[in-house]
1. So, with +1 on the Cβ of K and R and -1 on the Cβ of D and E, and no other charges, what is the size of the charge dipole of the chain about its Cα centre, to the nearest 20 debye?
2. In sequence order, what are the phi-derived ³J(HN,Hα) couplings for the range 153-170 according to the Karplus relation 6.51 cos²θ - 1.76 cosθ + 1.60 with θ = phi - 60°, rounded to whole Hz, with x for glycine and proline?
3. Taking the Cα centre of the range 163-263 as origin, work out the dipole magnitude from +1 charges on Lys and Arg Cβ and -1 charges on Asp and Glu Cβ, in debye rounded to 20.
4. Less than 10 Å Cβ to Cβ from ALA240, Lys/Arg counted +1 and Asp/Glu -1: what total charge do the surrounding residues give?
5. If you roll a 1.4 angstrom probe over the protein chains with everything in place, what fraction of the accessible area of the chain belongs to carbon and sulfur, to the nearest %?
6. Tell me which residues come under 5 Å, amide H to amide H, from LEU321 once H is placed; ignore anything under 5 positions away on its chain.
7. Mind checking which lysines have their C-alpha under 23 Å from LYS258, skipping anything on the same chain fewer than 8 residues away?
8. Compare the peptides 38-48, 168-178 by average per-residue count of other Cβ atoms within 10 angstrom and give them in order, highest first.
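The values are calculated or read from the model by the stated rules, or taken from the named source; none is laboratory data. Computed from a predicted structure; not experimentally measured. Every residue, glycine among them, receives a Cβ derived from its backbone with ideal geometry; neighbour counts consider all protein chains shown. SASA here: full protein model, heavy atoms, side chains in, ligands and nucleic acids out. Shrake-Rupley method; radii C 1.70, N 1.55, O 1.52, S 1.80 Å.
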Amino acid sequence: MKPKVEDVAKLAGVSPTTVSRVLNNRGYISNETREKVQKAMNDLNYFPNDVARSLFNKRSNLIGLILPTTTNPFFGELTFHLENICASQGYKVLLCNSLNQIDKEEKYLEMLLRNQVDGIIVGTHNRGILDYHKRNLAVVAIDRYLSETIPVVSSDNYEGGKIAADLLLLKGCKHIILIDGVGELETPARLRRKAYIDMMEKHGRVPIVYEIPEVFDQKSQQEVISKIFQECPEVDGVFATNDLFAASFLNEAKRHGKDVPSQIKVVGYDGTETVQTLLPELTTIQQPIASIAKTAIDILLKEIEGEFSDFSLETRLPVKLIEGTTA
């Protein structure tokens, strides 16, 4: 039979109310009493009921994460930092991989609401689908515009795109192509494309954009990149708006007998630890992923505490050029 609060109180020689105060960290408790209660809990193998505690505290101490997929190195590393920071603040994380599917996001939102999460961090594409604002939820978006009232945290995408395009121009590239996802989505990440187009037009070049319809599907990436070699054999510079696109391009370039960087120079975007380990030669724009996670949680916790006016609705964090040997 599972031990109860009364059993802990009896073994520790205190009242059940004192045990409850220790568990919920409420009121003054001497170190001696706290140690007695903790020892009794350990001896009885007692674990507090989180559901009961959440009812008492009117907090679940749960944070929901809705992300496209943690198999992507950027979202995987982001999740690692978010979970670590949440744990340090006493929060548990419920992780939802939506693959940007509307029906999955709606089901996940219902699940998070049933679990009475205190807040949600969102990195999915489907703007307006989940109608967070009417739920009176604390919500922060990462690199996504969800509504005019939900704060967004991202890297400085325009500056990153500008650095990438500038570098390729500086290296003497004449025919620079952008590889990106589908363009109708309005996201902060789309500023990478805008910066590329602005820089091409500024230098009298024609912007050439190839879009990958299924951004997380390797076959879709390969099909589009193969078209680049067929339709633009003169390509000598590539800016890929994420490192996975860049890696796919490097593989296809090798298959087509193209040397990087002497014939084609390539710049990616993200700079995750995974890609730097597996593809250290890649020149890329590094996002401050740990800072993005920390900033998002700082804002979310302010929202949870009801401080809805103490932060900017859009936060852009600085990027850094990591120079490898591909550009």
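1. Working: 38 positive and 44 negative charges, 178 e Å.
Value, rounded to 20: 860 debye.
2. 10, 7, 6, 7, 5, 5, 4, x, x, 5, 4, 5, 5, 4, 4, 5, 5, 4
3. Numbers: 13 positive and 16 negative charges, 61 e Å.
Its charge dipole is roughly 300 debye.
4. Spelling it out: positives minus negatives among the neighbours equals -2.
5. On the way: 8210 of 16510 Å².
Roughly 50 percent of what the probe reaches on the chain is carbon or sulfur.
6. The list, which skips near neighbours in sequence, is GLN286.
7. Output for LYS258: LYS171, LYS174, LYS219, LYS227.
8. Values: 38-48: 14.2, 168-178: 17.9.
The densest-packed peptide leads the list: 168-178, 38-48.
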